[in-house]
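First comes the structure, then the notes that go with it.
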Amino acid sequence: MAKTKYKEKEREKDRPERPKARSDAYVAMLVITFFAIVAGCLLLYLDNQQYEGKSPPKEVIPALTDLGGGKASEGK
């Protein structure tokens, strides 16, 4: 049992050190996306502040006009 642990430690010494993980293009895109979302949320908040306490204008619904010449069509 003790020999196997000793051999494992010796093997680890012989192995070259692993290079540190580097950030790639996907990490850069993730950071850019994060800042874009934060900027979008900030702009939405500022836009919403302009309408603080105001209600939307009431829309006037136009009356429907009769396009059939004033007479209802009769079924056959």
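Throughout, read-outs are computed from the coordinates displayed, never taken from laboratory work. Just so it is clear, the structure is predicted and the values come from calculations on it, not from any experiment.
Quick rundown of the values:
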quantity: Extension reserve of the Leu46-Thr33 stretch, reckoned as 0.36 nm per residue once the Cα distance is removed; calculated: 2.7 nm
quantity: Residue-by-residue Karplus 3J(HN,Hα) for the range 18-24, coefficients 6.51, -1.76, 1.60, Hz, glycine and proline x; calculated: 6, x, 5, 5, 10, 6, 10
quantity: In order through the range 46-56: 3J(HN,Hα) via Karplus (6.51 cos²θ - 1.76 cosθ + 1.60), integer Hz, x for Gly, Pro; calculated: 5, 5, 5, 5, 5, 9, 4, x, 8, 9, x
